[in-house]
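Structure, as structure tokens:
The values are calculated or read from the model by the stated rules, or taken from the named source; none is laboratory data. Note that the structure is a prediction, hence the values are computed from the model and not measured. Counting neighbours? That spans all protein chains shown, and the Cβs are built from the backbone with ideal geometry, glycine included. For the accessible areas, the whole protein counts, side chains as well, though only heavy atoms, and no ligand, DNA or RNA atoms are used. Shrake-Rupley method; radii C 1.70, N 1.55, O 1.52, S 1.80 Å.
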There are 2 protein chains.
Amino acid sequence: MSEDVFDPIYKESFPFWEKIPDADREYICQNSHHIIYPKGKNIHNGSECSGVIIVRSGSLRLYIMSDEGKDITLYRLHAGDLCMLSASCVLDAITFEVFVDAEQDSQCCVISGPAFAAVSERNQDIRIFALEAAVSRFSDVMWVMQQILFMSMDKRLAIFLSDESARTGLDTIALTQGQIARYMGSAREVVSRMLKYFASEGIVEVSRGGVTILDKKRLRTLTL
Amino acid sequence: MSEDVFDPIYKESFPFWEKIPDADREYICQNSHHIIYPKGKNIHNGSECSGVIIVRSGSLRLYIMSDEGKDITLYRLHAGDLCMLSASCVLDAITFEVFVDAEQDSQCCVISGPAFAAVSERNQDIRIFALEAAVSRFSDVMWVMQQILFMSMDKRLAIFLSDESARTGLDTIALTQGQIARYMGSAREVVSRMLKYFASEGIVEVSRGGVTILDKKRLRTLTL
């Protein structure tokens with residue numbers, strides 16, 4: 001694919017794009033790749049420097065993982081979103097390990113980490129952009145942390161079901177209880193128990209196909 | 001106190017200090033205060049912009065808090081450390097609320113948030129410094145999060161006791177079980193049960209004065 005393809009994409013994604021020298025723009029484009037990740041593919045693994053990822057379509061899931069393989073979703077990336085934490089060589093101050101998987105077939109632009117780091121070293125605007133991208137994710141992660149550590153399970157589950165339904169536009173959340181638990185950073189048993197409670201209250205119906213919301217109003221009340 | 005007092009302190013704390021114009025250095029010093037916070041004092045409360053805090057002596061505790069008042073320690077600040085998260089008006093991307101208390105009588109330099117923000121807007125080096133300070137704390141917080149969410153309680157408690165003992169140079173950790181639980185983001189009952197287990201194994205001795213480490217080798221093994 002020609003390098004010219006990347007220029008309009010980066011112009012849209014990077015507020016610094018027009019401020020840096022032509023040679024640096026070209027260098028970034030030369031070190032870019034268009035990659036289609038199939039659903040389920042692991043894209044970034046811990047501390048390696050996989051590069052700066054811009055999602056064009058599909059969705060990616062960013063998570064942390066324990067030694068025992070337990071994982072907790074920090075956030076998801078959709079079309080237009082940018083992943084800076086997968087380029088640990090760009091940001092020295094990032095010393096923790098995250099993992100990124102494709103949740104759907106996902107088209108992405110990937111800029112080589114070392115190339116992006118080299119250009120950012122001679123352009124303070126890029127450095128500020130990269131740091132701001134990381135700091136704004138810090139806020140997302142704090143939100144998740146507060147949810148997990150502080151919020152009661154009924155509220156968390158209600159919020160998850162409402163958000164999923166709003167995102168897909170469907171009343172049925174086509175996920176297994178194990179998947180819901182994983183996304184919420186909780187145990188399957190806990191989710192299962194709470195769904196049973198929601199079902200007994202006529203708020204949802206649980207079937208093989210997933211969880212169907214029956215009483216949106218009640219569910220919304222639980223999210224408050 | 002004369003403004004001249006701040007200059008040598010900032011020269012030491014801020015790598016950008018010599019790179020910014022004299023007028024900006026003066027402006028920061030004019031908007032600085034020397035404050036002694038008594039032990040137990042709440043210094044920063046949620047989303048307000050309390051300013052950039054440099055700890056000169058003593059120690060501060062930075063934590064998050066639930067609506068119900070449950071709190072979790074993210075990290076502590078000691079002499080020479082800098083707190084940027086208490087200056088939310090400097091970093092737009094920080095949208096979460098943290099709290100800061102003095103854990104001991106603490107001497108601090110506090111720079112007004114709006115003043116620091118104004119100067120950082122015209123000096124990219126300051127902007128980068130502030131963002132890097134926040135991003136490096138992001139890594140600290142992720143470490144705490146992984147500890148809380150993933151690590152088994154015996155390991156966490158062993159690490160806490162070892163770290164405290166190393167920090168103070170004493171075998172006795174002069175904290176109540178409630179305080180230990182609060183620092184670890186855990187419940188008092190859980191800490192109490194685990195300490196009883198450690199005591200029954202001859203690893204520690206629990207008394208009114210705190211927790212005394214009897215078997216450092218065993219304790220260290222538990223931290224691995």
Item to complete: Give segment A:185-224 a look and list any residue that's modelled with pLDDT under 90, β-branched (V, I, T) and either out of contact with any helix residue (DSSP H, G or I) (no Cβ under 8 Å at 6 or more places or on another chain) or in a loop (DSSP other than H, G, I, E, B) (or both), or say none.
Response: A:T221
Practice prompt. Give the number of residues within segment B:119-148 that are facing chain A (nearest Cβ under 7 Å) and among the hydroxyl-bearing types (S, T, Y).
Written response: 2
Worksheet entry | Candidate set from segment A:39-81 (those that are open to solvent by 60 Å² or more (accessible area, probe 1.4 Å) and among the charged types (D, E, K, R)); member that is nearest to A:Q107 (Cα to Cα) | A:R56
Worksheet item: Does A:R182 qualify as being in contact (Cβ under 8 Å) with a residue 40 or more places away in the chain, open to solvent by 60 Å² or more (accessible area, probe 1.4 Å), within 14 Å of chain B (Cβ to nearest Cβ) and part of a helix (DSSP H, G or I)?
Response: yes
Practice prompt. Looking only at segment B:161-168, decide whether some residue is modelled with pLDDT under 90, within 25 Å of the chain's Cα centre (by Cα) and farther than 30 Å from B:A79 by Cβ.
Written response: no
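Count, please, the residues in segment A:198-221 that happen to be basic (K, R) and closer than 14 Å to A:I173 by Cα. Before the answer, list the steps.
First, the residues of segment A:198-221 that are basic (K, R): A:208, A:216-218, A:220.
Narrowing further to those that are closer than 14 Å to A:I173 by Cα: A:208, A:216.
Here the count works out to 2.
Considering only residues that are within 14 Å of chain A (Cβ to nearest Cβ) and out of contact with any helix residue (DSSP H, G or I) (no Cβ under 7 Å at 6 or more places or on another chain), look in segment B:92-116 and name the one that is nearest to B:L60 (Cα to Cα). Working first, answer last.
Initially, segment B:92-116 is screened for residues within 14 Å of chain A (Cβ to nearest Cβ), giving B:92-99.
Filter once more, so that each one left must be out of contact with any helix residue (DSSP H, G or I) (no Cβ under 7 Å at 6 or more places or on another chain): B:92, B:97-99.
Details: B:D92: 23, B:E97: 16, B:V98: 12, B:F99: 10 Å.
Ranking the qualifying residues of segment B:92-116, first place goes to B:F99.
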Worksheet item: Does segment A:75-89 contain any residue that is closer than 25 Å to B:L85 by Cα, in contact (Cβ under 8 Å) with a residue 40 or more places away in the chain, more than 14 Å from every other protein chain (Cβ to nearest Cβ) and in contact with a Ser or Thr (Cβ under 8 Å, 6 or more places away or on another chain)?
Response: yes
Worksheet item: Just checking, which of B:L149, B:L170, B:L131 is more than 22 Å from A:M142 (Cα to Cα) and hydrophobic (A, V, I, L, M, F, W, C)?
Response: B:L170
Worksheet item: Is it the case that segment A:170-177 has a residue that's in a strand (DSSP E or B) and either under 24 Å from B:T95 (Cα atoms) or not aromatic (F, W, Y) (or both)?
Response: yes
Worksheet, complete the sentence: Pairing a residue in segment A:14-26 that is open to solvent by less than 70 Å² (accessible area, probe 1.4 Å) with any residue that is of a type outside the set (A, V, I, L, M) and in a loop (DSSP other than H, G, I, E, B), where Cβ atoms lie under 9 Å and the two sit 6 or more apart in sequence or on different chains, gives A:F16/A:N123; A:I20/A:F14; A:I20/A:R122; A:I20/A:N123; A:P21/A:R122; A:P21/A:N123; A:D24/A:R122; A:D24/A:N123
Practice prompt. Can you confirm whether segment B:124-144 contains a residue that is within 30 Å of B:A187 (Cβ to Cβ) and assigned to a loop (DSSP other than H, G, I, E, B)?
Written response: no
Worksheet, complete the sentence: Filtering segment B:27-38 down to residues that are buried (at least 20 other Cβ atoms within 10 Å of the Cβ) and of a type in the set (F, W, Y) yields B:Y37
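In this structure, is B:G209 in contact with a strand residue (DSSP E or B) (Cβ under 8 Å, 6 or more places away or on another chain) and loosely packed, with under 14 Cβ neighbours inside 10 Å? Break it down into steps so the answer makes sense when it comes.
On the way: in contact with a strand residue (DSSP E or B) (Cβ under 8 Å, 6 or more places away or on another chain): yes; loosely packed, with under 14 Cβ neighbours inside 10 Å: yes.
The answer is yes for B:G209.
Please work out which residue is surrounded by the most Cβ atoms within 10 Å (Cβ to Cβ), limiting yourself to segment B:162-176 and to residues that are polar (S, T, N, Q) and over 15 Å from B:L214 (Cα atoms).
Per the criteria, the residue is B:T176.
Of all strands (runs of 3 or more DSSP E) completely enclosed by segment A:20-112, which ones contain at least 2 residues that are touching a His at 6+ places or on another chain (Cβ under 7 Å)? Walk me through how you get there before you give the answer.
Values: elements: A:32-37, A:42-46, A:52-57, A:59-65, A:71-78, A:98-102, A:106-111.
Qualifying strands (runs of 3 or more DSSP E): A:98-102, A:106-111.
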Worksheet entry | Qualifying residue in segment A:119-129 (condition: touching a residue at least 24 places away in the same chain (Cβ under 8 Å), of a type outside the set (S, T, N, Q), in contact with a strand residue (DSSP E or B) (Cβ under 8 Å, 6 or more places away or on another chain) and open to solvent by 10 Å² or more (accessible area, probe 1.4 Å)) | no
